[in-house]
Amino acid sequence: MAWRCSGSSNKELVENLFRADLIKSSRVRDAMMKVDRAHYCPDLSYAYEDSPQSISHAATISAPHMHASAAESLLPYLKPGARVLDVGSGSGYLTAVLAELVYPQEEDGNGEVGKARVVGLEHIKALRDMGEGNTKKSKRGQQLLGEGKVSFVVGDGRKGWSEGEGAEKGWDAIHVGAAAVELHQELVNQLRSPGRIFIPVEDPDGYGQHIWTVDKDANGVVTKKKLFGVRYVPLTDAPR
Ligand code: SAH
């Protein structure tokens, strides 16, 4: 599938993914159009390929169809004004796409939209810095960072993030970009009602991983759902 959906520009890549039904939602398509993947890939010659790429520190920027799938899964909770946590933000690409979904340019200003917050959380400082640096490559990214709508922080993603303005209110959506050995309760605690977590989790037999969604409904009732098999780098302790 990868080679068929690659393009010679960001626009072409996103259009090809949409045509191949790997991006299903026009909201996600439009958000991915606004974020140039070349700003987030170390090897520019593969920036518009539908494949993952190493970003050093044993981390990878996921393939665009995986980012689309994650954003689409969280989409009902990515309303303008939502608070979103991106655990294992790595390159910062998905953090920036999530920001476009909860903070659409055409609705800049005050009101509900102005309350949107997107936080990229990394346990390796060099990658936190990389995510921020990549986002700064566009004027739009500079604006979102400058206004505090998007930020990149260092911490252990298994504990979530409850610092900073409004963080005690929890998260409408939590994306986890590395495979956990369990569904960390702290992340569930930090989820708002209603809210959703998208998280890859190691299978109990240790031989595979699956995406799970964890939903908390308006009454606080938690429902877990196993979706499809994947291969992510592990959600681990930071190297010393
Ligand atoms: N969404 C990123 C994925 C990066 S790979 C992208 O597409 O660019 C997974 C990331 O999870 C790595 O950057 C890794 O450093 C980070 N990670 C692993 N364990 C972590 C932990 N306990 N807390 C925070 N980040 C972690």
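The values are calculated or read from the model by the stated rules, or taken from the named source; none is laboratory data. The structure displayed is predicted, hence computed values, not measured ones. Don't worry about glycine lacking a Cβ; one is built from the backbone with ideal geometry, like all the others, and counts go over all protein chains shown. Accessible surface is based on the protein model in full, side chains and every heavy atom, while ligands, DNA and RNA are left aside. Shrake-Rupley method; radii C 1.70, N 1.55, O 1.52, S 1.80 Å.
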**Request:** Arrange the peptides 210-216, 54-60, 131-137 so that the one whose residues have, on average, the most other Cβ atoms within 10 Å appears first.
**Result:** 131-137, 210-216, 54-60
**Prompt:** With contacts defined as alpha carbon pairs under 8 Å and 6 or more residues apart, what's the relative contact order of segment 60-178 in percent?
**Reply:** 34 percent
**Prompt:** What is the antiparallel percent of DSSP beta bridges lying wholly in segment 58-230, to the nearest 5?
**Reply:** 45 percent
**Among 90-97, 75-82, 139-146, the order from most to least packed when residues are scored by Cβ within 10 Å on average** = 90-97, 75-82, 139-146
**Request:** List, in the order given, every pair from Lys34/Lys169; Lys11/Lys216; Lys34/Lys115; Lys137/Lys216 whose Cα-Cα distance in the structure shown is over 32 Å.
**Result:** Lys11/Lys216; Lys137/Lys216
**Request:** Please turn the phi angles of segment 23-31 into ³J(HN,Hα) values with the Karplus equation 6.51 cos²θ - 1.76 cosθ + 1.60 (θ = phi - 60°), one per residue in order, whole Hz, x for glycine and proline.
**Result:** 10, 9, 9, 5, 5, 5, 4, 5, 5
**Message:** Place a point 7 Å from Cα of Lys79 in the direction of its Cβ. Which residues in segment 178-222 have their backbone N less than 18 Å from it?
**Reply:** 191-197, 215-221
**Complete:** For the chain, the per residue accessible area (1.4 Å probe, Å²) is 47 Å²
**Complete:** At q = 0.21, 0.25 Å⁻¹, the log10 of I(q)/I(0) for segment 189-240 from a Debye sum over equal Cα scatterers comes to -0.80, -0.93
**Asked** Efficiency by 1/(1 + (r/R0)^6): what FRET value for Asp205 and Leu183, r their Cβ-Cβ distance, R0 = 25 Å, to the nearest 0.05?
**Response** 0.90
**Spin-label pair Thr213/Lys159, simplified geometry with 7 Å Cα→Cβ offset, distance in nm** = 3.0 nm
**Message:** What's the whole-number percent of alpha carbon pairs in the chain lying beyond 23 angstrom?
**Reply:** 45 percent
**Request:** Starting from one equal scatterer on each C-alpha and no solvent at all, send me the Debye-based log10 I(q)/I(0) for segment 77-178 at q = 0.13 Å⁻¹, two decimals.
**Result:** -0.38
**Item:** Relative contact order (%) - the chain, alpha-carbon pairs under 8 angstrom, separation at least six
**Value:** 15 percent
**Extension gain from Arg240 to Lys139, taking 0.36 nm per residue of separation minus the Cα-Cα distance** = 32.9 nm
**Request:** Rounded to the nearest Å, what's the spacing between the alpha carbon centres of segment 1-43 and segment 224-240? Just the number, please.
**Result:** 24 Å
